[in-house]
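Undergrad: Please see the structure below; I have some questions.
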Number of protein chains: 2
Amino acid sequence: MAVYTEVTDEDLAIFLATYDLGAVLSCKGIAEGVENSNYLLHTEAGYFILTLYEKRVNETDLPFFLGLMEHLAERGITCPQPVKNRQGEALGRLCERPAVIVTFLDGMSVKRPDPKHCAMVGEGLALLHRAGEGFAITRRNALSIDGWGPLARASEARADEVLPGLAVTIAEELAWLQARWPQDLPRGVIHADLFPDNVFFLTGKLSGVIDFYFACNDTLAYDIAICLNCWCFEQNGSFNITKGMGLINGYERVRKLSDAEIDALPVLARGAALRFMLTRLYDWLNVPPGALVKPKDPLEYVRKLRFHQHVTSARDYGLLR
Amino acid sequence: MAVYTEVTDEDLAIFLATYDLGAVLSCKGIAEGVENSNYLLHTEAGYFILTLYEKRVNETDLPFFLGLMEHLAERGITCPQPVKNRQGEALGRLCERPAVIVTFLDGMSVKRPDPKHCAMVGEGLALLHRAGEGFAITRRNALSIDGWGPLARASEARADEVLPGLAVTIAEELAWLQARWPQDLPRGVIHADLFPDNVFFLTGKLSGVIDFYFACNDTLAYDIAICLNCWCFEQNGSFNITKGMGLINGYERVRKLSDAEIDALPVLARGAALRFMLTRLYDWLNVPPGALVKPKDPLEYVRKLRFHQHVTSARDYGLLR
């Protein structure tokens, strides 16, 4: 949860005066997102989300994120839409931070996904990949394999505080992945953070996707590997193959995976586990004073990594071929 | 800010099924209140606030709080209204906690109140006091002078960690107040926590009052003393007599203060400063592990107390008689 920047009623009124949304009726900080400050904004024109981008978001990436949300919506994906001010601009400034207003999206995220949710997410992910085709702006994935080395080194000295031997585990895994990371798989725009928090359901159907602030151009199958990690494990740490089957089959209903993509899934899943372990580890070791965010447990992803290390083929994830 | 209890989509659907509010469309934790978990709930029937009462709220007090909100609304005060379930009950249970749904109130709280806001709050406070008349349930103020001794003792050993000499300051102030605390002033239902956070404005008018979870039966003028503390000081710590004048005059437009109430204001203001200093000090020294709440600075109220200690009469607060 995150509300980092406190927006005063006066600053907000000045900001809103640049939009055609009428007067502010209410504005409440919401416990959503960990990188930005988010507010639920009620104006005479309706309900919106106001986002202030905090330090960790690179301002030059914002045209990619905002443009992508528009591109995807034009192609049938339900996601928040940036609202433009009277100058026709989506990106403004509020409290000395880049700020946008996006449309409010109804929907509930699921805390305990079942196999049906996984199937809908798999299908939704493939639809997202398809809808992303033709998007003109590109963004490199700063948190792909090239970024993990620096990230690992930043936590190396203190990793064993979290788990004895963790620094060695990370170094060995990184070396293993660097020798095997697939380079020639189909690429496109990936969400790169499609955790259950970021997928909404209504009346038993996937109703929308939010939080595109890690989206980038990368290997499409890596996005599936991320989802295998965050949708298909039980809370007790075990992998649920029925959920994995749902996810992969759901994806393939829209977009068939090539043999090379299927072969690469175990490696990609190990990489995805390492990526989330590394960012969580960094955050765990670097909680800023006065933080209002509870860091997430890196050990969850150490356990997931260990599972993937014993996977021999995509069949272990539920693939039927 | 506070979201202590995470409500799953499943638990929420079961809870909502006991109400006539249609299906859940969205539910977001909001950064409001520090004692409870609050969610902005969107259902097919509209927008509501869902509150889960955490440990610090005594369940036996809830009928007082909920009944008071209804009593006040029937008498013209705009405040959240408890929504009743199909059994006609306002109080339910969710995630093993007492839970209520109240109506959503538009409005913005002001971060930097001006004298006009203070005048509106003074008037609003008097209207609240008048509207509270005849409310059948009573609740003792656990945080009045009888409660300050135990509260002071709970922090005594570590108070000087926050400010050298603070333990002695507290003990001396408490003894001074115990010798002078007024006993025979007009009593009634007081809000007891009417901080700027808890008052909404729209189009330049006071539009509503929220958070009745400290309300109780106590000396009416003590509520004015609380407001002098939280509405009339500048961020640099100085008392703004124009704001004080606005507050007191605003109050007296609705309810005239007796000479005894006026004479007691300086003592009551010292008590109010001590009360908020003591609860903030306790919270400051007892931040629970993993807390998502940033404790408020007790020193702000040490400074306010020092101001009140030099006040000689209510004229120093802006009273013109």
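Throughout, read-outs are computed from the coordinates displayed, never taken from laboratory work. From a predicted model like this one, the values you see are computed outputs, not experimental measurements. Note: ideal-geometry Cβ built from the backbone for every residue, glycine included; neighbour counts use all protein chains shown.
Undergrad: What does the average come to when, for each residue of peptide B:102-112, you count the partner chain Cβ atoms lying within 10 Å of its Cβ?
TA: Mean number of neighbouring Cβ atoms from other chains: 4.
Undergrad: Sticking with this one: Would you mind ranking B:His310, A:His308, B:His191 so that the residue whose beta carbon has the fewest other beta carbons within 10 Å leads the list?
TA: Listing B:His310, A:His308, B:His191 from fewest to most nearby Cβ atoms yields B:His310, A:His308, B:His191.
Undergrad: What list of ³J(HN,Hα) values in whole Hz, one per residue of the range A:304-321 in order, does the Karplus curve 6.51 cos²θ - 1.76 cosθ + 1.60 (θ = phi - 60°) give from phi, with Gly and Pro shown as x?
TA: Coupling constants for the range A:304-321: 5, 4, 4, 4, 4, 4, 9, 6, 9, 7, 4, 4, 5, 8, x, 5, 8, 7 Hz.
Undergrad: Using alpha carbons only, how many angstrom separate the centre of the range A:173-193 from the centre of the range B:127-151?
TA: 63 Å
Undergrad: Taking 51 Å as R0, compute the FRET efficiency from the Cβ-Cβ separation of B:Leu320 and B:Ile14 and round it to 0.05.
TA: On the way: r = 58 Å, r/R0 = 1.14.
For R0 = 51 Å, the calculated efficiency reads 0.30.
Undergrad: Of B:Lys84, B:Lys111, B:Lys243, which is the most mobile in a GNM of chain B whose springs link Cα atoms less than 10 angstrom apart?
TA: B:Lys111
Undergrad: Given the range B:24-65 reduced to its alpha-carbon atoms as identical point scatterers, what log10 I(q)/I(0) does the Debye formula return at q = 0.21, 0.27, 0.29, 0.30 Å⁻¹?
TA: Listed by q, the Debye log ratios stand at -0.72, -0.90, -0.95, -0.98.
Undergrad: Any idea what angle helix A:145-156 forms with the longest principal axis of chain A, computed on alpha-carbon atoms, 0 to 90 degrees, nearest 10?
TA: It works out to around 90 degrees.
Undergrad: Further, regarding this structure: Output ³J(HN,Hα) for the range A:191-197: one whole-Hz value per residue in order, computed from phi by the Karplus curve 6.51 cos²θ - 1.76 cosθ + 1.60 with θ = phi - 60°, and x for Gly and Pro.
TA: 6, 6, 7, 7, 6, x, 4
Undergrad: State, to one decimal in nm, how far the label point of A:Thr103 lies from the label point of A:Arg303, with both points 7 Å from Cα in the Cβ direction.
TA: Output for this residue pair reads 4.0 nm.
Undergrad: Please list 3J(HN,Hα) in residue order for the range A:102-113, calculated via the Karplus relation 6.51 cos²θ - 1.76 cosθ + 1.60 where θ = phi - 60°; whole Hz, with x for glycine and proline.
TA: Working through the residues one at a time gives 10, 5, 7, 10, 5, x, 10, 7, 9, 7, 10, x Hz.
Undergrad: List every residue whose amide H lies under 5 Å from the amide H of B:Leu94, counting only residues 5 or more places away in sequence or on a different chain, with H placed 1.01 Å from N in the peptide plane.
TA: B:Ala99
Undergrad: Shifting gears a bit: If you rank B:Trp176, B:Trp284 by fewest surrounding Cβ atoms within 10 Å, what's the result?
TA: B:Trp176, B:Trp284
Undergrad: Below 8 Å, C-alpha to C-alpha, sequence gap of six or more: please give me the relative contact order for chain B in percent.
TA: Value for chain B: 18 percent.
Undergrad: Please give the calculated 222 nm ellipticity per residue for chain B, where each DSSP H segment of at least 4 residues contributes -39500 (n - 2.57) and the sum is spread over every residue; nearest 500 deg cm²/dmol?
TA: After summing the helix terms and dividing by the residues of chain B, the value is -13000 deg cm²/dmol.
Undergrad: Roughly how big is the range B:9-103's charge dipole about its Cα centre, with Cβ charges of +1 (Lys, Arg) and -1 (Asp, Glu), in debye to the nearest 20?
TA: Numbers: 8 positive and 14 negative charges, 28 e Å.
Approximately 140 debye in magnitude.
Undergrad: What would the Debye equation give as log₁₀ I(q)/I(0) for the range B:9-103 at q = 0.10, 0.11, 0.14, 0.21 Å⁻¹, counting only Cα atoms as equal point scatterers?
TA: Log10 I(q)/I(0), no solvent term: -0.24, -0.30, -0.49, -1.14.
Undergrad: Same structure, new question: Would you grab the residues whose amide H sits under 5 Å from the one on A:Arg139? Only those 5+ places off in sequence or on another chain, please, with H modelled 1.01 Å from N.
TA: Distant-sequence amide H within range of A:Arg139: A:Asn217.
Undergrad: Next question. For the range B:9-103, calculate the relative contact order in percent as a whole number, restricting contacts to Cα pairs under 8 Å that are 6 or more residues apart.
TA: Computed value for the range B:9-103: 25 percent relative contact order.
Undergrad: What Rg and what Dmax come out for the range B:167-218 when only alpha-carbon atoms are used, in angstroms?
TA: 16.1, 46
Undergrad: For A:Thr60, place a label point 7 Å from Cα along the Cα-to-Cβ direction in every copy; what are the distances to the other copies, in nm, shortest first?
TA: Here the equivalent label points are 6.5 nm apart from this one.
Undergrad: Same structure again: Say a label goes 7 Å from Cα toward Cβ at A:Thr18 in every copy; what distances in nm does this one have to the rest, shortest first?
TA: 4.7
Undergrad: Which order do A:Arg315, A:Arg270 fall in if you start with the one that has the fewest other Cβ atoms within 10 Å?
TA: Lowest count first: A:Arg315, A:Arg270.
Undergrad: For chain B, how big is Rg over Rh, using alpha carbon atoms and the Kirkwood form of Rh?
TA: Numbers: Rg = 20.0 Å, Rh = 20.6 Å.
Across chain B, the Cα-based Rg/Rh ratio is 0.97.
Undergrad: Taking every DSSP beta bridge with both residues inside the protein assembly as shown, roughly what % is antiparallel (nearest 5)? Before the final figure, lay out each step's value.
TA: Numbers: 65 of 67 bridges.
Given both bridge residues lie in the protein assembly as shown, the antiparallel proportion sits at roughly 95 percent.
Undergrad: Here's something else I'd like to know. All other residues with a Cβ under 12 Å from the Cβ of A:Arg180 taken together, and with Lys, Arg as +1 and Asp, Glu as -1, what is their net charge?
TA: The answer is -1.
Undergrad: Also, I was wondering about something else. If you fit an axis through the alpha-carbon atoms of helix A:115-131 and take the longest principal axis of the Cα set of chain A, what angle between them do you get, 0 to 90°, nearest 10?
TA: That helix lies at roughly 70 degrees to the long axis.
Undergrad: Okay, next question. Which angle between 0 and 90 degrees, to the nearest 10, do you get for helix B:220-231 versus the longest principal axis of chain B when only C-alpha atoms count?
TA: With rounding to tens, the tilt is 90 degrees.
Undergrad: Let me ask something else about it. Using the alpha carbon gyration tensor of the protein assembly as shown, what are the three equivalent-ellipsoid semi-axes (square root of 5 times each eigenvalue), largest first, in whole Å? Write down the numbers at each step before the final one.
TA: Details: eigenvalues 526, 139, 106 Å².
Each semi-axis is the square root of five times an eigenvalue, giving 51, 26, 23 Å.
Undergrad: Sticking with this one: Please find the FRET efficiency linking A:Cys95 to B:Asn236, where r is the Cβ-Cβ separation and R0 is fixed at 22 Å, and quote it to the nearest 0.05. Can you show the working numbers first?
TA: Values: r = 21 Å, r/R0 = 0.93.
Given R0 = 22 Å and the Cβ-Cβ separation, E is 0.60.
Undergrad: A further question on this structure: Of B:Lys111/B:Lys294; A:Lys205/B:Lys84; B:Lys111/B:Lys304; A:Lys84/B:Lys296; B:Lys55/B:Lys243, which ones are farther than 25 Å apart at the Cα?
TA: A:Lys205/B:Lys84; A:Lys84/B:Lys296; B:Lys55/B:Lys243
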